[in-house]
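Contents: one structure, followed by commentary.
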């Protein structure tokens, strides 16, 4: 079985290895932790988290890049996911001359330099302690729709940060659930693309304590598995292999007669 849509060219399969790639794009207001979340995500497999307490990274007005590589072993297959992480600025519109890049500027650059056109995961990032950053996700979602960052195979992560500040968290579970449903309905109304709720994943993390980072990494991996139908590919390959072994066995039995 081949994966759907134009992402077919981004996966390679042989008898024992499956490799796929794609883009993971972080968008949302400034000061929501997009850069630190990407750094923690990209460093997870190497065993060393990026501790936000030790970082001097400040709010960026530039397009940033990171890379994320994950390996999984399923049956006889080694699955490798290699993705590019793009962290968009949190400033709306265009920046003043000499101040760097705001969102619109970064998008222009992104479309010029990206080597992977397909966005497998769109990460809508907000601060669990700031309701405005959550409400502003509608703006960022619309910008993603207008720039055609959402396709039939795209997964959307609702990433809530600052989980360690549990005493001041104000974005409630029911609001997050309502947000998931809004995203699904809004995308279908705007561009006719059906994004099921199982592809709109709510995640909460702390970049300070790394709480939720392993789950975040697992969900990103699952998004790639889902978009590329990797489990179905493995199942069909194993089934075909079993059928071929059965045919060989039948031939050998015939020859023994």
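Please treat every number below as a calculation from the coordinates, not as lab data. Keep in mind that this is a model prediction, so the values were computed, not measured. Positions of Cβ are backbone-derived with ideal geometry, glycine not excepted, and every protein chain shown enters the neighbour counts.
Some observations on this one:
- Residues 197, 124 arranged by fewest to most Cβ contacts within 10 Å: 197, 124
- Modelled FRET efficiency - R0 35 Å, residue 131 with residue 190, Cβ distances, 0.05 increments: 0.90
- Distance between the pseudo-spin-label points of residue 168 and residue 238 (7 Å out from Cα toward the beta carbon): 4.9 nm.
- When 196, 29, 164 are arranged by Cβ crowding within 10 Å, least crowded first, meaning fewest neighbours, the order is 196, 164, 29.
- Exposure proxy ranking, count of Cβ atoms within 10 Å, fewest first, for 189, 6, 152: 189, 6, 152
- Remark: the residue 152-residue 198 segment gains 15.2 nm on full extension, using 0.36 nm per residue and subtracting the alpha carbon distance.
- Rounded to 0.05, the FRET efficiency of the residue 8 and residue 143 pair, given R0 = 25 Å and the Cβ-Cβ distance, is 0.35.
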